[in-house]
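A.B. asks: Pasting in a structure now, in structure tokens, and then I'll have a few things to ask.
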2 protein chains.
Amino acid sequence: MKRRRTYVCGLDAAFGVVGGKWKALLLWELDQGVRRFGELRRALEGISEKMLIQQLREMEHDGLVHREVFREVPPRVEYSLTDFGRSLNKAMEPLGDWGEEHKARIEALHL
Amino acid sequence: MKRRRTYVCGLDAAFGVVGGKWKALLLWELDQGVRRFGELRRALEGISEKMLIQQLREMEHDGLVHREVFREVPPRVEYSLTDFGRSLNKAMEPLGDWGEEHKARIEALHL
DNA sequence: TCCGATTCTTACCTTTTGGTGAGTACCCGA
DNA sequence: TCGGGTACTCACCAAAAGGTAAGAATCGGA
């Protein structure tokens, strides 16, 4: 999602960093624990490698995700949430609960 | 934002209805009170009429927004939140607070 | 020597989203 | 008769997001 230069309110700013199709899902998955690239790819069914890296890089740049490279062969890279990322995930919990509660209704809308 | 047919978690479902560039802002604005079309257009600086209607229609379809037409001349249409819409807005409050708290940091990222 | 595993990287293309500008319909008042 | 105000609607185009598929680098093991 293209960013605004300035945000009109907090919600707007928050959507600046978790907007798009995959970031909220990544945040949730990484909140469960440290994950390797391949694990994330398998966890987010349907994501392409290109998108996965792109999103991870942006989240790293935004300070939500920490990336650690182990110089092994084959290469190993581990992704985890920073404190900042964890705080965001926590702030999204009520929204997740709301969605859980109304999931069926929302899915029924476009059948 | 294009919808998934099914959602993998509650957060995913919630993003299904508030995803995109404008809906969260509209929800917030309508939570302040009943608004006419023109008022919303002026409140969401930069939105085009086409986008505004499109988003409002989708939110109406999703049961978040109520639309009431007054058969007057010139025409008057009032938009307001449904209970469902208000419950969603409430669930987003912590996220809004988080964004408010970190707004400066987030804006500073892409300068 | 060739294959497999893993994490990317790149070029190219399609789909989706968003913007522009014009037009419609209505009635009122100047 | 003409312009103004309101809430759209439409056709067309541009920008952004997202997908596909191929390739690169590395080393160990068959």
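Readers should treat all values here as calculations from the given coordinates under stated rules, not as data from a laboratory. Because the structure is predicted, anything quoted here is derived from the model rather than measured. Reconstructed Cβ throughout: ideal geometry from the backbone, glycine too, with neighbour counts over all protein chains shown.
A.B. asks: Taking the criterion of being more than 11 Å from DNA strand D (Cβ to nearest atom) and either more than 29 Å from B:E45 (Cβ to Cβ) or away from chain B (no Cβ under 11 Å) (or both), would at least one residue in the stretch A:8-22 satisfy it?
C.D. replies: no
A.B. asks: Just for helices (runs of 4 or more DSSP H) wholly inside chain A: which have at least 2 residues that are touching a residue at least 40 places away in the same chain (Cβ under 8 Å) and surrounded by 20 or more Cβ atoms within 10 Å (Cβ to Cβ)?
C.D. replies: The helices (runs of 4 or more DSSP H) meeting that bar are A:10-18, A:23-31, A:83-91.
A.B. asks: Exactly one condition in (1) in contact with a Pro (Cβ under 9 Å, 6 or more places away or on another chain); (2) more than 9 Å from DNA strand C (Cβ to nearest atom) is not met by A:W98; state its number.
C.D. replies: (1)
A.B. asks: How many of the residues making up the stretch B:60-111 are within 30 Å of A:E58 (Cα to Cα) and either touching a Phe, Trp or Tyr at 6+ places or on another chain (Cβ under 9 Å) or more than 12 Å from chain A (Cβ to nearest Cβ) (or both)?
C.D. replies: Matching residues across the stretch B:60-111 total 13.
A.B. asks: Here's another thing I want to ask about it. If a residue must be more than 10 Å from DNA strand C (Cβ to nearest atom) and away from chain A (no Cβ under 14 Å), how many such residues does the stretch B:38-52 contain?
C.D. replies: The qualifying residues number 3.
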